[in-house]
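Following: one structure in structure tokens, then a few remarks.
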Amino acid sequence: MSEALPPQKATPAVAFCFLANQLLARETWARQRLEAFQGQGIEVRFPLLAPIRLVIAAGGRLEEGDAEPVAFASLGGITGSSALADELRMLAKHLRPDVEEELSRFVGDVAAQRVVGTARSFMRWQVDALTRLGEGVAAYAADERRVLVRRGELADLARQLDELHKAIARLEGRMAPLV
């Protein structure tokens, strides 16, 4: 943490820029690639937060800004048809922050390990809870409300229909000489 935050309000945009610039500070190749897009805007969208508008500043750094965005970043990925959007997709693919390492600079190694471990456990719990909720809703829709049909039931119905089709064909074959 070699540089101090500029004297501005602590907003989500300032926090995001601080963290992103910390990552970029170690990756000169990434800053050099971003520098070509100086002055262009990016909009970052996080769930439950207002969109954050950023601008590429000198040296390939990110700053809060009001430039019209040509690229949009969210948890779902990066969208936009500009060269900046393509560059951001490439950077997102190749830049991987070591959260534990970054956090250890502030709170120490052991605390960072525990915080990151707890965060990972929490995320696994969230994914597990959402998975179970989805399974419960699907089971309710299939079993209780009969809105959905299970694959096994559908396969059984398809087999029964096939047998019925064959039986009708056999019956038509026997009836053909009689008509």
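The values are calculated or read from the model by the stated rules, or taken from the named source; none is laboratory data. As the structure is a prediction and not an experimental result, all values here were calculated from the model. Cβ placement follows ideal geometry from the backbone for every residue including glycine, while neighbour counts extend to all protein chains displayed. For the accessible areas, the whole protein counts, side chains as well, though only heavy atoms, and no ligand, DNA or RNA atoms are used. Shrake-Rupley method; radii C 1.70, N 1.55, O 1.52, S 1.80 Å.
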So the carbon and sulfur contribution to the accessible area of the chain, 1.4 Å probe, in percent, is 60
For residue 20, the net charge from surrounding residues (Cβ-Cβ under 12 Å; K, R +1; D, E -1) works out to -1
Candidate span helices, the chain: DSSP H, at least 15 Å along axis from Cα coords, Kyte-Doolittle average at least 1.0, result 12-26
Summing -39500 (n - 2.57) over every DSSP H run of at least 4 in the chain, dividing by its residue total and rounding to the nearest 500, the 222 nm mean residue ellipticity is -18500 deg cm²/dmol
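So what is the accessible area of the chain per residue, in Å², with the probe set to 1.4 Å?
It amounts to 73 Å² per residue over the chain.
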Those GluC sites (Glu not before Pro) from region 55-146 that are DSSP loop and have at most 13 other Cβ neighbours within 10 Å turn out to be none
Quick calc, residue 135 & residue 101: beta-carbon distance into FRET formula, R0 35 Å, rounding 0.05, result 0.45
Pseudo-spin-label distance residue 158 to residue 9, built 7 Å along Cα→Cβ, given in nm, is 5.8
Heavy-atom accessible area of residue 165, protein chains in place, probe 1.4 angstrom, given in Å² to nearest 10, is 130
SASA check, residue 19, accessible area w/ 1.4 Å probe, all protein chains in place, rounded to nearest 10 Å², comes out at 110
The distance between the Cα centres of region 70-103 and region 38-68, in whole Å, is 12
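With contacts defined as alpha carbon pairs under 8 Å and 6 or more residues apart, what's the relative contact order of the chain in percent?
12
When DSSP beta bridges are limited to those with both residues in the chain, what percentage is antiparallel, rounded to the nearest 5?
65
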